[in-house]
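Report on one structure; see the data block that follows.
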Amino acid sequence: MPGQVIRVRRRERLGWLERSYLPMLGKGLAVTARHFFRNLRGFATGRRRDFVVQFPEERVEHPQAFRGMPVLVALDDGAPRCVACGLCEFACPTDCIEIVSGELPDDPIERFPERFDIDLARCMFCGLCEESCPEEAIVMSPAVETAGFDRASMRYSKEQLLVPAQMLEDRLAFLRREYER
Ligand code: SF4
Ligand code: SF4
C-alpha cells in the first residue's frame, strides 16, 4: 500500500495580536507572579527557607545525573584507569581533549596516557567523553568551579584531573544503571 501524503499547512504569517507580543508578555508575567506569590506564601508560613544558597560556604547537593567538569578515575595506586585508547578524544565535539599515549616497559600491549589534557575553557560539559569510554576511566564530576584568570590556566593536566575512584562511586553507579553496563 503506497504511503499517504499528508500536507501540513504552515502558518508563516503572524496575526496582529501575535505581532504585538502581548499574549506572550502576559504569559511571562503570569509565570513570574505565580512564583513570586508561591515563594511569598512559603516564606510567610515558614515552609520554604531555601531561597538563597550562601555559596561557597553552603553548597547545593547535585543529583547523580548532574554533569560538572570531566575528571579521570584514579586506581588505588593513584594511576589512571585510562588505557589511552583515544575514543574520548575522538568523540569530543570541541576537540578539547589531548592524549599522548605511552607503552609500559614490561607489557607490549597495555598503554597508558603519558599526557592527558583537557582544555576546560572549551569543554561544554556534554558528557560524550564519558559515554564513549569503554573503561569507565573518564566521568563527569559534580565540580563546577573551574574559573581561571587566563586561558592557559584552564588547561588541566592528567595530575589535576585524577580523582580517586571512591570519590566518584555515585557517578559510576549512576552510569552503570543508565547504560546497563
Ligand atoms: S564533556 Fe564534552 S566537551 Fe567536555 S571533554 Fe568531554 S566530550 Fe569534550
Ligand atoms: S578516558 Fe577512556 S576513552 Fe578516553 S582514552 Fe582513556 S580509556 Fe579511552
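All of the numbers you see were taken from the coordinates with simple rules; none came from a lab. Predicted model only: the values in this text are computed from it and were never measured. So basically every Cβ, Gly included, is an ideal-geometry build from the backbone, and we count neighbours across all protein chains shown.
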Helix 169-179 versus the longest principal axis of the chain: what is the Cα-based angle in degrees, 0 to 90, to the nearest 10?
-> 70 degrees
Quick one, can you get me the convex hull of the C-alpha atoms of the chain expressed as volume per residue in Å³?
-> 292 Å³
What residue among S153, F116, C126 has its Cα farthest toward the positive end of the dipole of segment 113-174, where the charges are +1 on Lys, Arg and -1 on Asp, Glu, each on the Cβ?
-> S153
By how many degrees, between 0 and 90 and to the nearest 10, does the Cα long axis of helix 22-45 differ from the longest principal axis of the chain?
-> 70 degrees
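Can you give the FRET efficiency for D106 and R177, using 1/(1 + (r/R0)^6), R0 = 41 Å, r = Cβ-Cβ distance, to the nearest 0.05? Numbers along the way, then the final one.
Numbers: r = 36 Å, r/R0 = 0.89.
Once rounded, the FRET efficiency stands at 0.65.
Taking the beta-carbon count within 10 Å as an exposure proxy, list V31, V144 from fewest neighbours to most.
In increasing order of surrounding Cβ atoms, one gets V31, V144.
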Please turn the phi angles of segment 132-143 into ³J(HN,Hα) values with the Karplus equation 6.51 cos²θ - 1.76 cosθ + 1.60 (θ = phi - 60°), one per residue in order, whole Hz, x for glycine and proline.
-> 7, 6, x, 10, 6, 9, 10, 9, 8, 8, x, 6
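State the dimensionless ratio Rg/Rh of segment 87-152 (Rg: radius of gyration of Cα atoms; Rh: Kirkwood radius).
Working: Rg = 13.6 Å, Rh = 13.4 Å.
We get a ratio of 1.02 for segment 87-152.
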Estimated FRET transfer efficiency when R0 is 30 angstrom, pair M24-E58 (beta carbons, to 0.05) = 0.25
Most fluctuating of L22, L104, L128 in the GNM of the chain (C-alpha, under 10 Å) is L22
